[in-house]
Amino acid sequence: MSGNISSQASYDEFTPSSIQKGGCADVSATKIFRRQGLHSCTDGFNGRVDGAVCVPYPENNSQNFVDNSDFAFRTTVTLQPGSGKKGCLTELRFYEKAAPTVQVSRGTPRAVDFPKRYGVRILANGQQIFRKIDFSTTQKFSLERIDLSDAHLCFSGNTTLEVEILAYDFTNTGRENVWEIDDVSLFGGCCTGAATSRNAKLAFSAYQAQRQVGLQWVTNTTYKNDYYVVERSTDGIQFSELARVENLAAHGDLETYQTMDETPQLGNNYYRIKQVYIDGSYDYTELKTIQFHADLENLSMYPNPAQNQLTFNVKPFTGKALSIQIINNFGQVLQTKEIEEVTTQHVELTLDNIVSGFYQVLIQVDNQKPIAKKLMVEKMY
């Protein structure tokens with residue numbers, strides 16, 4: 001940006017320069033602006049007379065970075081990639097100075113409160129794609145270089161980018177809050193599809209948590225993700241949606257998401273994550289498998305003691321093969337019930353041929369290890 005230090009009312013004197021045309025994309029930009037508040041001009045970096053922006057901030061300025069603040073420096077950049085090409089942002093540069101005194105328009109230096117930190121936020125077509133905060137300010141003009149390459153900010157369609165630079169966490173001595181900024185530059189280049197995804201990461205894990213399944217995934221493409229679909233299958237072929245998780249961040253760093261399957265099925269449970277991007281495309285993670293065996297210890301059998309009939313609650317084992325045996329103290333099998341597929345809530349056994357005494361009931365579901373329950377039979381003769 002360049003300007004005339006005589007203006008102290010608007011940002012009209014700070015106009016974009018070195019606008020690139022051709023290559024993989026055409027680029028244009030607006031002037032530096034703020035939604036609220038006037039500005040003054042100070043000597044720029046190295047004392048240049050074209051001026052830097054010297055911006056008063058409200059006295060109650062937040063001690064934290066505020067998204068979409070009316071007091072942020074802004075510039076809007078329009079990117080128009082050529083057919084079949086992609087344009088990428090690689091770096092944001094500017095000079096900043098947070099000094100305890102300022103000299104406005106060659107006037108007398110005066111003491112001010114100054115910010116200790118600043119942050120940067122970038123939006124693409126209104127969607128946040130980059131956000132980093134807590135950069136430290138300096139009391140002399142220093143060149144700030146914000147690396148955007150790891151965020152993989154590449155675009156194949158016409159894109160309107162808005163850059164926000166906000167100072168915050170001002171000293172508090174009751175003076176005017178001021179920050180100086182100069183020569184805001186946004187750098188980029190051409191990129192290929194391979195370049196945009198070479199460092200993309202999507203890792204997924206599943207773990208058993210008692211009778212539930214914990215699902216966790218890590219991604220570094222939140223800047224272009226829309227949402228995530230957790231899918232489950234019992235055969236590894238036909239999947240259904242278990243949960244939908246919104247994308248809560250927008251940057252190129254690793255971000256962790258997690259959810260639970262509170263009602264897994266007996267047998268194998270197959271899980272995968274569908275990562276859906278803003279443009280409607282998507283990727284899948286690898287499959288993870290968690291197996292649950294039938295919890296036979298909790299199978300209810302009543303009445304006990306029994307007389308003429310014994311009932312089992314087998315609803316939890318619907319669709320499974322079931323075997324029930326009554327065995328006496330000599331190891332002899334007195335009665336057997338074989339069910340190829342459980343389709344009812346209860347299974348009943350008659351005890352007409354079982355005399356009073358103590359027995360073991362052996363229960364097996366599918367090919368799992370069977371368990372034994374004690375049974376007492378009391379006949380009324």
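Placing a label point 7 Å from the Cα of Met376 along the Cα-to-Cβ line, the residues of the range 295-336 whose backbone N sits under 16 Å from it are 301-308. Separation of the range 112-189 from the range 214-244 is 33 Å, based on Cα centroids. For Lys337, the lysines whose Cα comes closer than 25 Å to its Cα, not counting residues fewer than 8 places off in the same chain, are Lys315, Lys320, Lys369, Lys373, Lys374, Lys379. Ranked by the mean number of other Cβ atoms within 10 Å of their residues, highest first, the peptides 306-312, 281-287 come out as 306-312, 281-287. With a simple spin-label model that places each label point 7 Å from the Cα along the Cα-to-Cβ direction, the separation between Tyr227 and Thr318 comes to 2.8 nm.
Accessible surface of the range 286-356, 1.4 Å probe: 44 percent of it comes from carbon and sulfur atoms.
Which net charge results for the neighbourhood of Phe94, defined as the other residues with beta-carbon distances under 13 angstrom from its beta-carbon, given Lys and Arg at +1 and Asp and Glu at -1? Surrounding charge for Phe94 is -3.
Remark: spin-label model distance Arg211-Asn353 equals 3.6 nm, labels positioned 7 Å along the Cα→Cβ axis.
Which of Lys86/Lys224; Lys116/Lys224; Lys116/Lys201; Lys86/Lys288; Lys132/Lys224; Lys140/Lys224 have a Cα-Cα distance over 26 Å? Pairs exceeding 26 Å: Lys116/Lys224; Lys116/Lys201; Lys86/Lys288; Lys140/Lys224.
Annotation: peptides 333-346, 265-278, 131-144, ranked by per-residue average of other Cβ atoms within 10 Å with the highest first, follow the order 265-278, 131-144, 333-346. Per-residue packing, averaged as other Cβ atoms within 10 Å, sorts the ranges 71-82, 160-171, 314-325 into the order 160-171, 71-82, 314-325, beginning with the highest.
For Lys116, the residues whose modelled amide H falls within less than 5 Å of its own, excluding neighbours fewer than 5 places apart on the same chain, are Tyr168, Phe170, Thr171.
The values are calculated or read from the model by the stated rules, or taken from the named source; none is laboratory data. The structure presented is a predicted model; accordingly, all values stated were derived computationally and were not measured. Positions of Cβ are backbone-derived with ideal geometry, glycine not excepted, and every protein chain shown enters the neighbour counts. Remember, those area values only see protein heavy atoms, side chains included, never the ligands or the DNA or RNA. Shrake-Rupley method; radii C 1.70, N 1.55, O 1.52, S 1.80 Å.
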